[in-house]
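The values are calculated or read from the model by the stated rules, or taken from the named source; none is laboratory data. This one's a predicted model, so the numbers in the text were calculated from it and none came from an experiment. Note: areas computed on protein heavy atoms with side chains; ligands, DNA, RNA excluded. Shrake-Rupley method; radii C 1.70, N 1.55, O 1.52, S 1.80 Å.
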Amino acid sequence: MSGTGSIMEVGVPSARSRALAVLRVRSRALAVVLLPAALAVVLVAARMTGRLAGDPWPAVTFAVCVVAALVLLVGGIFAAVVLRARPAVTPTVPLSEASAPDLYRLVRDLADRMDVPAPSAIALTPDCDSWLEDRTHAAHRRAGSPDGELGGGISAGPESEPGAAPVLVIGSPFLWWMRVAELRAVLAPVVAGTGPSAHPDIADARGFIRGLDAAVDVGNGRGLSWIAGPARLLLRLCRVDAAEMERGVAAAASERAQSVDYGLRIVAQEQVGLAYAGWDRLLTRVALPAWRMGRWPARLDAGVVSALTELSRRDRLAEGFTSRLGERPACDLLEQPGVIDEAASLLAARLFHGGPAEAGPDWSPVDWAAYPEEVVDRKWRAEAARLHAALDALAVPAGPAAGPLGPTLERVLGYLADPGGEGAAGEALAGRLSGDLAREERSAGSGKARTSDAVPLVPLQAPRSGRDLLADHVTAMVCCAAVDSAGAAPGLDWLDGPILLLSGQRRSDLAPRVLSLVEDGDPEPLRDWLAEVGVRPEKPVRLV
């Protein structure tokens, strides 16, 4: 592996100079803390030698000694907090070498070719990004699982040993979507970053910054402003130099990686952007409806391949797409891709939705084949039930054809068409739905809080408006009626999520007709559509 000399050849000097500037801030802070003590020593020595005899020197010496002791005490506590504070560690799925020997070999080969230290371990993140993460400062554990097993946390290992190389964190969608050569090209500049990371001055400066960040969190969390305040001040003094240091490190890593698969890297970066687009659509349109119902798709990474394949087919994003898929996928580098995909999928649900860290009776996995029946159909019927409960609360009559327990689509059409979508009655229904849904989510959140942190770290969607909720619920009611009376079926589109299938074909012309009813109070476009496909709005539908 490379030594400091070879590391310095690839542009680290600028990063090192910035690291030294950060360390100078630390030295100056130490000097400020020691200054009263130094002055106290001088005064005491002068008093003992008789050079400062008489008033007011005894009182001055005593006061300076008291101030010095207080400053040393506070400074010592602050330093201990900075040194012992544990910065937050990214939740990941750890990969042991036994579970991914080919991937470890690929990464080590990259490190050897670039003459940099190999990462101490590899982990996966359910996102479209890759980076190096220093974990020597934290004790690693995973709630609910023994060390070494796959799960949604972090395991102890060689990466936590003092002086260990950083952990390579890889976006799990990359492994399923990219080919092996593309993944290698994308990882080259990331792995090259272990070289600058091994420089003692850069590592020391990064550790100081991490400690200050953690001290701010500790101070804020415990109401200790005398810790958080100085830590924030030191961070402000270090901000520019720390940012420039990281830019220098990135430049050095990029320069060192130039010799590895440089031509392929341009093509691979295009696949990074494509993976991000497909992953975002899959999470927001497909995974989120399931998460809200207490189900989590267990093969999200496999699903992103289907989503991106469909996206490429529709938009014709790249020529030779079929031949590319014939190359070896990067997930072949894993021994058990399905097990790892399931662990990453559960972690994604925790990070983006706030779900529990482990499966349970109210938080169960769902396979893609069962998604239409177990998620789409249940989602529609739950929303239809909520819609009719809101109509009941507003004392809207069910109508003679429905009977006392038979909710019908005709009831919804009549209510929204009578006052019109722009009237107070439409607003009242939208408001009622918003309130009911908010209460349900608060109740579900309090239940999750008993088994997990419950709060998503990266929320996927902003709250929906009352009109959007009303349109969604009316659409769900129409779909339920179509399934029950017209032979329709729930379906899954990899990019758009739940869809309605009639005779095996997707009907994408429903949304504008629902909007005419909800926004304008005009039911005729929707009634024409219902007559065309054979839906009977007067027939009661089955609810959950």
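Annotations for the structure displayed:
- Checking (i) 24.6, 82; (ii) 24.6, 76; (iii) 30.7, 109 against Rg and Dmax of the Cα atoms in Å calculated from these atoms, the matching label is (iii).
- Accessible surface calculations at 1.4 Å, restricted to protein heavy atoms, place the chain at 46 Å² per residue.
- Helix-only arithmetic for the chain: the sum of -39500 (n - 2.57) across DSSP H runs with n ≥ 4, divided by the residue total, places the mean residue ellipticity at 222 nm at -19500 deg cm²/dmol.
- Accessible area of the chain belonging to carbon and sulfur atoms, whole % at 1.4 Å probe: 56 percent
- 0 to 90° range, to nearest 10: angle between helix 377-393 axis and the chain longest Cα axis: 80 degrees
- Measuring nothing but alpha carbons in the stretch 1-123 and taking Rh as the Kirkwood radius, the Rg to Rh ratio lands at 1.29.
- Base-10 log of normalised Debye intensity for the stretch 275-377 (one unit scatterer per alpha-carbon) at q = 0.21, 0.23 Å⁻¹: -1.13, -1.26
- Kirkwood hydrodynamic radius over Cα pairs of the stretch 49-115, then Stokes diffusion coefficient at 4 °C and 1.567 mPa s, in µm²/s: 72 µm²/s
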